[in-house]
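Every read-out reported here was derived from the displayed coordinates using simple, explicitly stated rules and does not represent laboratory data. Model, not experiment: these values are computed from the prediction. FYI the Cβ positions are ideal-geometry reconstructions off the backbone, even for glycines, and counts take in every protein chain you see.
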Amino acid sequence: MRRQRAAFTLIEILIVVVILGIVAAIVVPRMSDFSTVANETNLKENLSKIRVHLQVYRNQHAGFPDPSHLADQLTKFTDFHGNTAAGRSTQYRYGPYLEQMPPNPISKLASIRVASAPGEAAPPGDADAGWWYNPMTGIFCADLTPAHVDSDGVPYLTY
């Protein structure tokens, strides 16, 4: 009598592959939704944190950071006039306010575009960049086009 080998048939393997494909088709879109929600939450948290630290900087230095040195002034030690140093001393006693300038989680860019007019209250919405900053008012926003919206249809640049 012939001994039968214990093995899977081709039909059984195909059925398992089809079932795994169906499960993947259900799970992958849900995972990408989690990624989108995580990016939205991360954007809100980054904006909140940076805005708070801009106000702390303003209170300690009697003005907002210089736009051309914003990242340095927030991530290094500063004196009253906003000059930066790598280490704390009696002169450079303020900060650092942030460990590093975070990238915009939607665009993955950390570039900072400065308002072109002192009265601008929001980014113009013509770029897919990192951040937008008005040094006169301290307004800090995501620098994205209105096409970038959250799960509720709200443009990220309005956060």
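Per residue and in cubic angstrom, what volume does the convex hull of the Cα atoms of the stretch 112-159 have? Mind dumping the intermediate values first?
Details: hull volume 3.0 nm³, N = 48.
That works out to 61 Å³ per residue.
At 0.36 nm per residue, minus the direct Cα-Cα distance, what do residue 7 and residue 25 gain on full extension? Give it in nm, one decimal, please. Mind showing how you got there, number by number?
Details: separation 18, 0.36 × 18 = 6.48 nm, distance 2.80 nm.
Net length gain for the segment: 3.7 nm.
Using +1 on the beta carbon of Lys and Arg, -1 on that of Asp and Glu, and nothing else charged, what's the dipole of the chain about the Cα centre, debye to 20?
On the way: 13 positive and 14 negative charges, 171 e Å.
Using only the charged Cβ atoms, the result is roughly 820 debye.
Would you order 128, 72 from fewest to most other beta-carbon atoms within 10 Å of each residue's own beta-carbon?
Numbers: 128 13, 72 18.
Ordered by Cβ neighbours within 10 Å, fewest first: 128, 72.
GNM, the chain, Cα, under 10 Å: largest mean-square fluctuation among 16, 52, 114?
Evaluated over the chain, the most mobile residue of the options is 16.
Calculate one ³J(HN,Hα) per residue across the stretch 104-121 by plugging θ = phi - 60° into the Karplus curve 6.51 cos²θ - 1.76 cosθ + 1.60, and present them in order as whole Hz with x for glycine and proline.
5, x, 7, 8, 6, 10, 10, 5, 10, 9, 9, 4, 7, 9, x, x, 5, 9
As a test, work out the antiparallel percent of DSSP beta bridges whose residues both lie in the chain, rounded to the nearest 5.
Details: 8 of 11 bridges.
Looking only at bridges with both residues in the chain, the antiparallel portion is about 75 percent.
Using the number of other C-beta atoms within 10 angstrom as an exposure proxy, rank 40, 120, 45 with the fewest first. Present the calculation step by step, with values, prior to reporting the outcome.
Working: 40 19, 120 15, 45 12.
With the fewest neighbours first, 40, 120, 45 line up as 45, 120, 40.
Over the Cα atoms of the stretch 29-75, each weighted equally, I'd like the Debye log10 I(q)/I(0) at q = 0.24, 0.26, 0.28 Å⁻¹, rounded to two decimals.
One equal scatterer on each Cα of the stretch 29-75 leads to -0.82, -0.90, -0.97.
So how do 108, 49 line up by other beta-carbon neighbours within 10 Å, fewest first?
Values: 108 9, 49 13.
Least crowded to most crowded, the residues run 108, 49.
Would you calculate a helix-derived [θ] at 222 nm for the chain, using -39,500 (n - 2.57) for each DSSP H run of n ≥ 4 and dividing by the full residue count, to the nearest 500?
Working: 2 runs with 58 residues, N = 159.
Roughly -13000 deg cm²/dmol at 222 nm, from the helical runs in the chain.
Counting pairwise Cα distances across the chain, what percent come out greater than 18 angstrom? Write out the running numbers ahead of the final one.
Values: 8356 of 12561 pairs.
Within the chain, distances greater than 18 Å cover 67 percent of Cα pairs.
From the backbone phi of the stretch 70-85, what are the Karplus-calculated ³J(HN,Hα) couplings (6.51 cos²θ - 1.76 cosθ + 1.60, θ = phi - 60°) in whole Hz, Gly and Pro given as x?
My calculation for the stretch 70-85 gives 3, 4, 5, 5, 8, 10, 10, 6, 10, 9, 4, 8, x, 5, 10, 8 Hz in order.
Report the paramagnetic label zone for residue 110: residues of the stretch 80-98 whose backbone N is under 20 Å from a point 7 Å from Cα along the Cα-to-Cβ axis.
From the stretch 80-98, the list is 83-88, 95-98.
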